[in-house]
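The values are calculated or read from the model by the stated rules, or taken from the named source; none is laboratory data. Keep in mind the model is a prediction, meaning the values are calculated, not measured. Neighbour counts are summed over all protein chains in view; Cβ atoms, including those assigned to glycine, are modelled from backbone coordinates with ideal geometry. The area values use the complete protein model at the heavy-atom level, side chains included, leaving out ligands, DNA and RNA. Shrake-Rupley method; radii C 1.70, N 1.55, O 1.52, S 1.80 Å.
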Amino acid sequence: MTDHSRDAGLARRLPEAVTQPEPVGPFPPTDEMLAVPVDPALSREQADRLKQAWHTPQGWRYLSAVNNTEVGVWYSMTAFGFMLAAGVLALLMRVQLAVPENDFLSAERFNQFFTMHGSAMMFLFAVPMFEAISILLLPALLGARDMPFPRLSAYGYWCFLIGGFFVLGSVLFGVAPEGGWFMYPPLSTEAEGLGPDIWLLGLSFIEVASIAAAVELIVGTVKCRPPGMRINLMPLYAWYVLVVGGMILFAFPPLIAGDFLFELQRSFDWPFFDPERGGDPLLWQHLFWIFGHPEVYIIFLPSIAVAAMIVPTAARRPIMGYSWIVLSAVGTGFLSFGLWVHHMFTTGLPMLSLGFFSAASEAVVIPTGVQLFAFVATLIVGRVKIILPMLWIAGALAVFTAGGLTGVMLALAPFNWQVHDTYFIVAHLHYTLFGGMVFPIIGGVYYFYPSIRKKKLSERLGRWSFWLTFTGFNITFLPMHLTGLKGMPRRVFTYPGDIGWDWLNLVSTLGAFVVAAGILVFAWDLVRPKGHQPLAARNPWNGGTLEWSHDVPAQAWGVRSVPYVRSRYPLWDDPGFLERLDAGRFYIPDAPEGLRETIVTSAIDARPQHVARITGPSWSPMVAAVFTGGAFIFPTFKWYLAAGISGAFAVATVIYWLWTATARVPEAPTKDAGLGLRLPTYVSGPKAPGWWAVFITMLGDATAFASLVFGVFFYWTARPDFPPAGAEHADLRAVAAAAAALTLAWATTLGARELNRRTLRRAARILLGAGAALAAAGIAALILAVRLPEMDPTSHVYPAIMWALVVWTVAHIGAGLIMQLYCLAGSFAGRLTPRHDADLWNTTLFWHFLVVTCLVTAAVVGLLPRAL
Amino acid sequence: MFWRQPRDRSLWHMILAPTIWALHFVLVYGVTAVLCAKWDAADLARLTIFASTAVALTLIVAVGRGAWRQWDYLDGWDDIHDRPTDNHRRRFLGHVGFLLSLVSTIGVIYVTLPAVFVETCR
């Protein structure tokens, strides 16, 4: 990084940088230290203080809770509710298709239903369910008190709830989108009504929440593992969370970039996908499927991760081939990005290009298969007890394997052309998604329920539910392979009789109701009152991982003390572990300051680094989500002023939330963390979880920006008239001025951080102020660069995409400017000091990414078109 | 920063091989898209693909060799690395890195095969 290569002569003349306190004391603890008993009276006092710090708000204030155990439950129940709603849509469609020439649903309504069924199942159920369950379980699996940013989880949840109701509610008013869950233009750009806007804005809103959750889960896995849990001891679930979080960062941003272009076309007639004005509908397909195919694995991997937790417990032995499963998770994560064009085999791309994607689609089978073999191997060598969750996992493996085999067929382009857009595809995708997601998740709910709710679900209802769902599923979807091979296209609201499709459809419809019965039995088991039922045993399945060290009855503190871990299965391998955990023998067993805390450790070897103060109950996440919702929802109705005001309030709420609750100057620089270890209470830069969160967020942001730049090159390759002959180009002087001002704004921010660390606070403030002024100047120059030559974005795609890049960059500079001013205000208010400079580190990191964005924009807008 | 970390303590080194696969994939896709769309130059596209495959495979083999040494399998024929020690962490990261090099090698070869068999852009 550039900050290490500063001028040695200058550095000598400046004061020394303030140093951060380091951890002091023994690590790892010795067996003797761990064996020292804790005084029971002291332990009780500590437990009382912890209870107070982690007290969950009661009454109507309960909704201000941010604890992962509360937010995770709301999140997963909401996602399950949306799943049931989307399931009802499916049943109604199946009724319509039961017999030929049926008029139960109109064509228009049918179109809305299949669009919303797909959209809701993918965006409101499958992905959020992963995030919900991970938020709920990850701290328990890692022996952490909570996620690193509890209010961010709460914010994500409220965004999801509002966005979900908005999108799904549109079905009740008959204004839902009708173009299929992938919204292809020109059908959806030309569509009348609000449908596509609801889809684009509502789901973009939810995607932002998804990325927030991904950031939190990655930081949670990397930085919040318990001391001693090295990377080779991590529960496999955490590995999958890490991989899937990374995939979300690179998969969702292209879709957000696509949504951005799409909505600009719908609202302002910028012709990105209109071939008459130089646009190309295929760009949307590329952006959508660069998201859409990894999405399938984003759904599948976490569910298979649940299987990876259940299988060792059922086999009563450690998992076979831990490294192989990690290989398979990471390998699938990578390869799944090379498959997107297999959804576009019929679009007329060069034959050679189709071959690459066909080959990569076959290659991904290898890592996917490896993990299934590892599970089977574990079961073969173990002493298997078919516990109920294992039944669901077994069903999942069978169904998913069948779906995987049709996937291998579909990866071959010539076969794909034959069955493209037929019911064969519907059968295939339901086999992969039901087998790869629904079965394992329900199995996971049966497995983890005692850890979440301290009660067991019913064994009998669970078996009923499984056999109903499993048979019903196969009755519904197995015949669909044949229906598809017999030529029935997807997405038709009815069909003529006597061409061999009648009985197949009738069977599928009957099967669908059997599935529904199975899911309803499960839903009833989930929500039925369990007050009279005794509490479940603490470790009812005899699992070996940390989530089974939970407290019965429930405690809000997560863990009594954050353990020192030295095995993959501490409950199996480490005698005395539970007693020490409960007595508070391990780390941070106390909350003398009455604050919520968790331990932050190093990324690979989990050496303790820092006691992190984490945020408690607050209304600000909910308020911020409501205003953010306004900023996304009002534009649907073209109420741009209201949207702007709502957005401003959202920003103000977030600033209030950050100012009052994050990066507070602690009462003492270090504190006793237990077992003789003293840890810093404030860290900044790469040791701080917040810095990692910014880094990861900006990786995702950079991906979205890269997708826009990809758009420019895509138009250049796909269109002969890009840029059109004689087109006005951006003003070169203004572009150069913008590049200079923004580079200086970055340099002053970096300089401010370095001067501040060297106790030159006034100079740092001057630089921050100058940086903000330069950023503002950069915004003005960038806008002038495309305003001056009167490039009309509605006339052709070339000015439109240049404008889009400028709008994107300007919005980001605006954020960078707010961050500079925030640091400036912090410096004046005494919350940002030479030693407490986390905000300034994070702002500088943001500006590192921002300056690259600005320079690329300047090059692409100012120089590239003149060179093409 | 991460590139200064020693490879036995680095997740970034572990994922080097699939990263090479990804770069190779992007290059192959981009080159074909541009050459086929702009100039219908299938032969040039195929040549570029073969050349970049040679480079990618060489790099992956180099990465894989490093990972193989780090895994140190022949010393004790041990493939379960579940102890809380520096040695087990080092060997675990080497093991996964090595397996990822194998999958990446297969991936690169697969993606090259179409260029062997398909001789035209159409």
| message | Show me, for segment A:419-426, the HN-Hα J-couplings you get by feeding each phi into the Karplus relation (A = 6.51, B = -1.76, C = 1.60, θ = phi - 60°), rounded to Hz, glycine and proline as x. | response | 10, 3, 6, 10, 5, 4, 5, 4
| Heavy-atom accessible area order for A:K385, A:K223, A:K687, largest first, 1.4 Å probe | A:K385, A:K687, A:K223
| request: Pull out the extension gain between A:Y62 and A:R490, defined as 0.36 nm times the separation in residues minus the alpha carbon to alpha carbon distance; nm, one decimal. | output: 149.5 nm
| query | Around A:G674, which amide H atoms from residues at least 5 apart in sequence, or from another chain, sit under 5 Å from its own amide H, with H modelled in the peptide plane? | reply | A:I588
| For chain B: rounded, prolate or oblate by the Cα gyration tensor [a/c cutoff 1.5] | prolate
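Could you order A:V208, A:V215 so the one with the most accessible surface comes first? Probe is 1.4 Å.
So, going from the largest accessible area down, we get A:V208, A:V215.
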| message | With every protein chain left in place and a probe of 1.4 Å, what is the accessible surface of B:V116, to the nearest 10 Å²? | response | 70
| remark: Carbon plus sulfur, as percent of the 1.4 Å-probe accessible area of segment A:500-599, comes to 66
| said: Within 10 Å of each Cβ in A:223-233, how many Cβ atoms from other chains are there, averaged over the peptide? | reply: 4
| Near A:K456, which lysines are there with a Cα under 18 Å away, not counting those fewer than 8 places off in the same chain? | A:K385, A:K530
| query | Which cross-chain or sequence-distant (5 or more) residues have an amide H under 5 Å from the amide H of A:K455, H modelled 1.01 Å from N in plane? | reply | A:A536
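How big is the dipole moment of segment A:479-576 about its Cα centre under a simple scheme where the beta carbon of each Lys and Arg is +1, that of each Asp and Glu is -1, and everything else is neutral? Debye, nearest 20, please.
Roughly 160 debye, rounded to the nearest 20.
Determine the order of A:E16, A:E263 by accessible area, beginning with the largest, at a probe radius of 1.4 Å.
Correct descending sequence by accessible area is A:E16, A:E263.
What accessible area per residue comes out for the protein assembly as shown, rounded to a whole number of Å², with a 1.4 Å probe?
Numbers: 36320 Å² over 990 residues.
For the protein assembly as shown, the solvent-accessible area averages 37 Å² per residue.
Find out how many positive minus negative residues lie around A:W54, taking Lys and Arg as positive, Asp and Glu as negative, among other residues whose Cβ is under 9 Å from that of A:W54.
Once all neighbours under 9 Å are counted, the net charge is +2.
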| note | Quick calc, chain A, dipole around Cα centre from Cβ unit charges on Lys, Arg (+) and Asp, Glu (-), nearest 20 debye, gives 2460
| Length gained when the stretch A:A776-A:E593 is fully extended (0.36 nm per residue, less Cα-Cα span) | 61.7 nm
| said: Just to verify a number: what accessible area does B:K38 come out at with the full protein assembly present, 1.4 Å probe, Å² rounded to tens? | reply: 70
| field | Shielding of B:93-99 by partner chains, average beta-carbon count, 10 Å | value | 6
| remark: Karplus-derived 3J(HN,Hα) from phi for segment A:517-533 (6.51 cos²θ - 1.76 cosθ + 1.60, θ = phi - 60°), whole Hz, x at Gly and Pro, runs 4, x, 5, 5, 4, 4, 4, 5, 4, 5, 9, 4, x, 10, x, 7, 6
| said: For a test of the definition: using alpha carbon positions, the gyration tensor, and the 1.5 limit on a/c, classify the protein assembly as shown as rounded, prolate or oblate. | reply: rounded
| Quick one: buried accessible area between A and B, total over both chains, 1.4 angstrom probe, nearest 100 Å²? | 4000
| said: Using helices alone, I'd like the mean residue ellipticity at 222 nm for chain A: each DSSP H run of four-plus residues gives -39500 (n - 2.57), total over residue count, nearest 500. | reply: -21500 deg cm²/dmol
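What pairs in A:K51/A:K223; A:K51/A:K687; A:K51/A:K454 have C-alpha atoms more than 30 Å from each other?
On the way: A:K51/A:K223 24 Å; A:K51/A:K687 28 Å; A:K51/A:K454 18 Å.
None, as every Cα separation is 30 Å or less.
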| note | Between A:A829 and A:D573, the FRET efficiency computed from the C-beta separation at R0 = 45 Å comes out, to the nearest 0.05, as 0.35
| Once you charge only the Cβ atoms, +1 for Lys and Arg and -1 for Asp and Glu, what is the size of the charge dipole of segment A:528-676 about its Cα centre, to the nearest 20 debye? | 420
| message | Need one value for B:36-43: mean number of C-beta atoms belonging to other chains within 10 Å of its residues' C-beta atoms. | response | 3
| With the contact rule set at Cα under 8 Å and sequence spacing of 6 or more, what percent relative contact order holds for segment A:368-514? | 28
| said: Give me the extension gain from A:T660 to A:R538: residue separation times 0.36 nm, minus the current Cα-Cα distance, reported in nm with one decimal. | reply: 40.1 nm
